[in-house]
Each structure stands twice: as C-alpha cells, then as structure tokens.
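Worksheet: the structure to be examined is printed underneath.
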Number of protein chains: 2
Amino acid sequence: MNNGISLKELAAELNLAPSTVSRALNDSYEISEATKKKVISMAEKLNYQPNPFARSLRENKSKTIAVIIPERINYFFSQVIDGIEEITSEHGYHLLVYSTHEDVEKEKKILSLLQNGRADAIVMSVSSQTSDVSHLKRLHDRGLPILFFDRICSEIPTTKFITNDYESAFEGTKHLIQQGCKKIAFLMLSKELSITKERHRGYVDALKMAGMEPEPAFSLHCCHSDEDNTQLIRELLLSSNRPDGILSSVEKLALATYQAVKKTNLSIPDDLKIISFSNMSIAGLLNPSLTTITQPAETIGEECAKLLIKKLTKPRQPDLLNQVITIPSKITIRESTLVR
Amino acid sequence: MNNGISLKELAAELNLAPSTVSRALNDSYEISEATKKKVISMAEKLNYQPNPFARSLRENKSKTIAVIIPERINYFFSQVIDGIEEITSEHGYHLLVYSTHEDVEKEKKILSLLQNGRADAIVMSVSSQTSDVSHLKRLHDRGLPILFFDRICSEIPTTKFITNDYESAFEGTKHLIQQGCKKIAFLMLSKELSITKERHRGYVDALKMAGMEPEPAFSLHCCHSDEDNTQLIRELLLSSNRPDGILSSVEKLALATYQAVKKTNLSIPDDLKIISFSNMSIAGLLNPSLTTITQPAETIGEECAKLLIKKLTKPRQPDLLNQVITIPSKITIRESTLVR
DNA sequence: TTTAAATACGAAAACGTTTGCGAAATTTTC
DNA sequence: GAAAATTTCGCAAACGTTTTCGTATTTAAA
C-alpha cells in the first residue's frame, strides 16, 4: 500500500521546513497568508494526506470511538449506531464497532483491547451476562470516557442514556390489563440487566395497581438462543396455568413468542395478547401485527454522540456527569393486543 | 486518558534496553529465555499495553479493516459483518464500519478518508448510486486491498463474493410461474447495481423460457425512500394491467410491497404472489409469511475475511485475484407464493 | 537613528514502537 | 590455549506528525 507523500516530502517540494508546512496546513497564525496559499495548493496538487498514526502518536488521541453492542442483528442497536455515526462523522471521528454476542468474556476481551488508547471513548450497551463490572471500571478509572445506553451500568459514574423503561413497561402492562388480560407474564433476558430491572418494576407496579399479584412463574428468564427461548415460552403457554398476556422486555423474545405460538393451537390476540419493546419497522407486517414500545433509537445515538463530541473536542471539559438521561419511548397499539 | 506504561518505562524498570524488551515481548530468537521470562512477567505485572499507533507508524499497518455497507438496518449486511468479525477478531484485527446510506457522495467521502492508511483493507458493498467508480479505482491503484461482496464492482480487478444471483432469480421466477403467475414484475433499486443486472437477467430468462415476454413496465425501478417505494408499488398494483407475481431483488422492496398491498384491497398470495431476496429471520412471521431467497450472509463475511487475513498476514502474498466467488442461496417457500 | 516589538520561519525534540548494526560475553572449534 | 563462532544485548535511527524554542527579518515606537 502506497500511502502517498509525507509532510517532509511536501515540505521539500516547497523548499520549506516541515514545521512550517504543518503550521500552514493547520492554519497557524504564525504563517503568512501567502505561504499558506502556496502550501495548501501544493498539498492539494500532490494529494497530501496526513498520516493518522503519526498524528495520533503525537497528540495522544485517535479520532476514533468504539461502539460495543450485544448483538448486531438488531434493529435497535443498528439504529443507535446510525445516530452515533450521523454526529461523529461530521466531526471527523471514525467508529470501531464490536459485538459481544451477549458474551461477557468477549466483552472483557474487547475492553482489554481498548486499554491502549486505540479509541478516544466508548459507547456501549452491556451484555446480558455482565454482572461483574470490573473490566468496565478499570477503563473508566484510567480516564477513558465511557458512555452507556439502554443496558446501562449503574456502578460506573458516568452519563447514561435510556428510555423511560419503568413508565413504558408500566403503561404497556396497563394496556394489557385494559384489554382484559388477567394473567400477564414478563419475558426477560437476564435479571442483571438494567432494562430488565426497570421494566420488571414497571410491570409489577402496574399489576399491583390493578390489584393483581405478580406470579413468580410468570417472570420468565430467557437466554440468548432463539430455539431455547421458543421452547421455554412454549412450555409456559402449554402449562395448566398459562398466561393470557405477555410483556416482552426485548424484541427477540416477542419473536420467540410468535414462533412458540405457531407450535400451539393458541392464537394471538384471542388467547394471548402481547406487547413488546421493539424497534422493528415491520412490526405492522407481522401476523398479527405487533403492539410495540419503540425506543427513540436514533435520537439516543445522536445524543450520546453529541455529548461525547463535546467532551472530546472542547478544551478543558469536566468528566462526564454521573447522570441518567431519559428519552421517552412511544407505544404503538396493533393487533396483537386487540380485543375482538 | 492515562495510557499506562510505555516500553521505555518498562525497560527502565527492568534495567534493560527498550530494544531488548521489545524483542523479548515479540519472542525474538536473539533474547535468552531467562530474560524473556523476566520481561513478560514484569510486563504483565505492570499491565503493559503496546501503543497501537507507534506500532502502526513504524510497521505501516493498522491491524484495522474498513467495512463499508449501504445501510446498517439490514439483516443481510449485519450478518455479513458478524461473519467478518468472527474471523478477523481472532487475528487481532479491528473493524471500522461505515454506512453510505445508499449515497455515493458519502461513499466517496468515506473512501477519501481511507486514503491515508487508517485501514489495511476494505470490504464493501457499493451504494445503489454508484456508477462512476473512480473513487474506488484510486484506492485500488494505490495498492489498498479492496474486496467486494453482494453489490460488486466489475471494473475493479479484485476478488468478489456473491451469491448465485442469476440462478436464484431464475429459480424464483420459475417458481412464480409454476404457481400460476402470468404477469410477473421485477422490483429493483438501481439499474447500475451488479445484483440488479444479474437478478434481472435471471428473471428475464425464466420468463422467456416459459414463453412469456418481459414487459418493460413490470421492471420497477425503486429508490431509497420506503414511502416513495410503497407509493410506486401501489400505483403498479392499481394499474389496469397489474402484475400477479413479484420478484423483489432486495428485501426492503418486498416489505414496501407488503405495505403497498395493505393500502389496496388485494391479497397476498391470492391476487399477488411474491418472492424476495431476503435474510430476515422472521420472514416466516410476516402476514402472510414470505417466500425468500436467502443468501449465506455469514459465510460470505467469513470467506471475505479469511481471504483478507491470508493476504494481510502471510509474508509475500500476490494481489487479490480478479475473480468472482459464488456461494449459493437457498429458497424457502412460504405462504406468499402459495396456491389456494 | 536606535531600540523594541511583531512577524515569519527553521531546527530539533518528542510521541512509542521496531530493527539494523555493533559489540561484549560466552561457548565452541582446532 | 588461541581463534572463531555463537549468544545476548545495547545504541541509534526511523516511521510522520506537532510543538517548543530560537532567530532572522521586518515594522513600529521612542
């Protein structure tokens, strides 16, 4: 790979010192307008491209942001990354994207790769297996800006972006109750996950407010495998005391529920109503169409990025505040919770 | 950000020269086993992490691969990236992921950012607007390894990975004909796209083989906007001479068709049968379930990565061969093409 | 006219690695 | 026991930037 001309060679071509050329290209006040013009035009003519590694080495910053998500095949995370890229690309930042595949060991490995300054900051959503957070804490203690979204980590004092998990789950559950559900189940990935806790809390409170008692067996703890989840949910649906309503805390479990229902003689929404957190654009095309709680994914990504850019580009920014910023979700009612 | 200890400091701690420590860590034959042990244990104790930029600067390689896709919210591309990451991460490579949003100007901008060696190679699928390929050619001429998949670029002499577009489209169209379709339309993004050309060729040949003449108006040229596409397709479906079968060359147009059909009093599959290239795992949950041609996305990503890793890590590899590698798709028949 | 200030640029160091070369110290060879 | 070969390590340069400091030239002030 021919990397093109270097600053030194460009300087030689211009009969100038490298320092002068560098300053001219960086628009330093110490360089005359005449020289700047000459330098810039020659740089364009020779298509000079500064070496990013020399610059990173010298300036101790990489112009790169690491994004870590639990899975890539997911509307929500894809949208968030789109939002991040939208903002960061305008400021010349590059995105390293990693998927943990919900595996905390992979997560640790990725974070250890990020110890050396390869990225100027991290934007992440933790894996469903993450309970010990020492690998996150280590990087944060070193001063690497870390920002969480969706699946946040309360132990790390930094800024986190989430949706109104509690209220949305509360409203979703309330909606199921209003539609006549008497026995409502809650589907979750891991109990450790921040979103699980908050959404479950909203679910429980809504039940209680309606004078219903949450049954432990109705809080179904699922895993990463779609097949296993489908089986698990199917068993729940075939049990003697089966639920007639489901609040799914994540999209994939709603889809597993659809798959599970297909293997029974039940029907949605007649025998089972379901509402799910989901960012699928095609929720309306499912059979039956799925009532969803949709997060403002792209906005979340954008807000993460805006804050980060401010932190990274302004001269003497304070550390990211230990705060949780909430951007509300939107409930869209469709056939899966219909009374007919 | 505290980047930790440097090689020099580690050397000082050991009373050794930096060169010795470097060689010890890189397992050079010039260093005694005793010294290696001492160095390695001290490096672990002090958690020494080599600075990637110093190394990149010195070695003129970044251990980074750029992946450029037309859109992120897309099952196929997400799966391909998963496949790429699967392989590259094992070899210590990092992934810079860019989305062009089907915008050739963004594509050009991204490629110009990659002129300076930030990535050791590029794996990409071109945007639907890409017809002039000079921005790709420039980088390839410089010696940067570029590898195409799915939407390939025949003008650039390098290795490309695709599925059997022609055959799949041929078989898909044949299937529609066998199901009784008499007037089959073809939905496409841009005419320039390699996948459009090949899939359209398969479509046309299947029609001809059945003694049917392809109508020009039935080759519908769509765009990037879902709303516009839905409207376009709706108009086609409401026209006096409407199709009774559709082969969609990309997933998003099948979904737009579903949306369009909802706004008519037509029904799939009774009035209109549809088959589409698609990697949606939930094609079976749509209403009605969608007959799909599914690409081996993850395999494509893995094969791209394997070839690239070989090229990048083995000492004196030749340039990537100018060849097209085909990995076949799989057709899954569902309700959307059912006769009832 | 002399001196001080401002302007415009160059020399060199630094960032943290890797590596060619040289040179002790040790071992082998004859 | 001397010479040669081998082992083991250090010195210094190099990668391509940015920046501190110094300095020559020009301009402004006294």
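The values are calculated or read from the model by the stated rules, or taken from the named source; none is laboratory data. None of these values were measured; they are calculated from a predicted model. Because the Cβ atoms are built from the backbone with ideal geometry, glycine has one as well, and the counts that use them run over all protein chains shown. Remember, those area values only see protein heavy atoms, side chains included, never the ligands or the DNA or RNA. Shrake-Rupley method; radii C 1.70, N 1.55, O 1.52, S 1.80 Å.
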note = In nm², the average projected area of the convex hull spanned by the Cα atoms of chain A is 20.8 nm²
Spatially proximal aspartates and glutamates relative to B:Lys191 (Cα-Cα < 14 Å; intrachain offsets below 8 disregarded) = B:Glu102, B:Asp132
request  = From largest accessible area down, sort B:His200, B:His91; use a 1.4 Å probe on the protein chains.
outcome  = B:His91, B:His200
remark   = Placing each pseudo-label 7 Å from Cα in the direction of the beta carbon, A:Ser281 and B:Asn322 end up separated by a distance in nanometres of 3.7 nm
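Rounded to the nearest 500, what is the 222 nm mean residue ellipticity of the protein assembly as shown from helices alone, with -39500 (n - 2.57) per DSSP H run of 4+ residues and division by all residues?
Details: 24 runs with 282 residues, N = 680.
Rounded to the nearest 500, the figure is -13000 deg cm²/dmol.
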Under Karplus coefficients 6.51, -1.76 and 1.60, residue-wise ³J(HN,Hα) of the range B:29-42 in Hz, glycine/proline x = 5, 7, 10, 5, 4, 4, 5, 3, 4, 4, 4, 5, 5, 5
request  = With all distinct Cα pairs included, what does the Kirkwood hydrodynamic radius of the protein assembly as shown come out to in Å, to one decimal, could you say?
outcome  = 27.5 Å
query = Which percent of Cα-Cα pairs in the range B:187-230 sits in each 5 Å bin, short to long?
reply = 5, 22, 26, 22, 15, 7, 3
query = Distances from A:His221 to the same residue in each other copy, label points 7 Å out along Cα→Cβ, in nm, shortest first?
reply = 5.8
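Express as a percent, rounded to the nearest 5, the fraction of DSSP beta bridges in chain B (both residues included) that run antiparallel.
Details: 3 of 35 bridges.
Bridges in chain B are about 10 percent antiparallel.
Where does each of B:His224, A:His135 land when they are ordered by accessible area, with a 1.4 Å probe and the largest first?
Values: B:His224 85, A:His135 10 Å².
Of B:His224, A:His135, the descending order of accessible area is B:His224, A:His135.
Using only alpha carbon pairs under 8 Å that are at least six residues apart, calculate the relative contact order of the range B:7-50 and give it in whole percent.
Working: 33 pairs, mean separation 16.5, N = 44.
Result for the range B:7-50 is 38 percent.
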note = Of the convex hull enclosing the alpha-carbon atoms of the range B:102-151, the direction-averaged projected area in nm² is 3.1 nm²
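To one decimal place, what Kirkwood hydrodynamic radius in Å is obtained for the range A:86-239 from all pairs of distinct Cα atoms?
Details: mean 1/r = 0.0566 Å⁻¹.
After inverting the mean inverse Cα-Cα distance, the result is 17.7 Å.
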note = Residues of the range A:1-47 that bury at least 50 Å² of accessible area, probe 1.4 Å, when all protein chains are present rather than the chain alone, are A:Met1, A:Asn3
task = Go through the range A:62-85 and flag every residue whose accessible area shrinks by 30 Å² or more with all protein chains in place compared to the isolated chain (probe 1.4 Å).
result = A:Arg72, A:Ile73, A:Tyr75, A:Ser78, A:Asp82, A:Glu85
inquiry  = Which one, A:Val339, A:Ser22, A:Thr257, projects farthest toward the positive side of the charge dipole computed for chain A from Cβ point charges (K/R +1, D/E -1)?
reply    = A:Ser22
message = Label position 7 Å from Cα toward Cβ: report the copy-to-copy distances for A:Ser19 in nm, one decimal, ordered from shortest.
response = 2.9
message = Run the paramagnetic zone check for A:Ser239: 7 angstrom along Cα to Cβ, then residues of the range A:186-215 with backbone nitrogen under 11 Å.
response = A:186, A:215
inquiry  = If I take every Cα pair under 8 Å that is 6 or more residues apart in the range B:96-209, average their sequence separation and divide by the length, what percent do I get for the relative contact order?
reply    = 23 percent
request  = Using a 1.4 Å probe on the heavy atoms of the protein chains only, list every residue of the range B:125-173 that has 20 Å² or more less accessible area in the complete assembly than in its chain alone.
outcome  = B:Arg142, B:Leu144
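Here are some pairs, A:Lys174/A:Lys330; A:Lys137/B:Lys8; A:Lys8/B:Lys310; A:Lys63/B:Lys137; which of them have Cα atoms lying more than 24 Å apart in this structure? Could you put the intermediate results ahead of the total?
Details: A:Lys174/A:Lys330 14 Å; A:Lys137/B:Lys8 27 Å; A:Lys8/B:Lys310 33 Å; A:Lys63/B:Lys137 26 Å.
Where the Cα-Cα span goes over 24 Å, the pairs concerned are A:Lys137/B:Lys8; A:Lys8/B:Lys310; A:Lys63/B:Lys137.
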message = Can you find, among A:Pro315, B:Pro145, A:Pro296, the residue sitting farthest towards the positive end of the charge dipole of the protein assembly as shown, where Lys and Arg contribute +1 and Asp and Glu -1 at Cβ?
response = A:Pro315
query = Using a basic spin-label model with each label point 7 Å from the Cα along Cα→Cβ, how many nm lie between B:Asp141 and A:Asp132?
reply = 5.5 nm
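Which value, in debye to the nearest 20, gives the size of the charge dipole of the range B:7-50 about its Cα centre, when Lys and Arg are +1 and Asp and Glu are -1 at the Cβ?
Working: 6 positive and 6 negative charges, 10 e Å.
The calculated dipole for the range B:7-50 is roughly 40 debye.
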query = So what's the angle, to the nearest 10 degrees on a 0 to 90 scale, between helix A:251-262 and the longest Cα principal axis of chain A?
reply = 40 degrees
query = Using all Cα-Cα distances in the range A:20-135, what percent lands in each 5 angstrom bin from 0 up to the longest?
reply = 2, 10, 16, 15, 15, 12, 9, 7, 6, 5, 3, 1, 0
note = Ignoring ligands and nucleic acids, chains B and A bury, in total, an accessible area (1.4 Å probe) to the nearest 100 Å² of about 5300 Å²
message = Which residue in chain A puts its Cβ closest to the axis that rotates chain A onto chain B, and at what distance in whole Å?
response = A:Asn287, 2
query = When the Karplus curve 6.51 cos²θ - 1.76 cosθ + 1.60 is applied with θ = phi - 60°, which whole-Hz ³J(HN,Hα) does each residue of the range B:313-318 get, with x for Gly and Pro?
reply = 9, 6, x, 10, 7, x
Accessible area of the range B:7-50 divided out per residue, in Å², using a probe of 1.4 angstrom = 66 Å²
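Enter the accessible area per residue of the range A:77-202 (Å², integer; probe 1.4 Å; all protein chains in place). The partial results should precede the final answer.
Working: 3970 Å² over 126 residues.
Heavy-atom accessible area per residue stands at 32 Å².
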key: the range B:181-313 - Rg (one decimal) and Dmax (whole number), Cα, Å   = 16.4, 60
inquiry  = Looking at the protein assembly as shown only, what percent of DSSP beta bridges run antiparallel? Nearest 5 please.
reply    = 10 percent
Heavy-atom accessible surface of the protein assembly as shown: percent carbon and sulfur, 1.4 Å = 49 percent
note = With Cα coordinates, the longest principal axis of chain A makes an angle with the long axis of helix A:165-178, in degrees rounded to 10, of 30 degrees
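Magnitude of the Cβ-charge dipole of chain A, K/R +1 and D/E -1, about the Cα centre, nearest 20 debye? It would help to have the intermediate numbers written out before the result.
On the way: 42 positive and 42 negative charges, 122 e Å.
Using Cβ point charges on Lys, Arg, Asp and Glu, chain A gives about 580 debye.
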key: Proximal aspartates and glutamates to A:Lys273, defined as alpha-carbon separation beneath 18 angstrom and excluding residues fewer than eight positions away on the same chain   = A:Glu171, A:Glu215, A:Glu235, A:Asp244, A:Glu251, A:Glu335
Helix axis angle, A:226-238 relative to chain A longest principal axis, alpha carbon, degrees = 20 degrees
remark   = Measuring from its Cα centre, the range A:29-125 shows a charge dipole (+1 at each Lys and Arg Cβ, -1 at each Asp and Glu Cβ) which, in debye to the nearest 20, is 620 debye
ask   = What is the distance in Å between the Cα centres of the range B:258-328 and the range A:172-194?
value = 35 Å
note = Computed over chain A, the relative contact order (Cα-Cα under 8 Å, seq sep at least six) in percent reads 17 percent
note = For the range B:7-50, one quarter of the surface area of the C-alpha convex hull, expressed in nm², comes to 2.6 nm²
ask   = How far apart, in nm, are two points set 7 Å out from the Cα along the Cα-to-Cβ line at A:Leu46 and at A:Asp27?
value = 2.3 nm
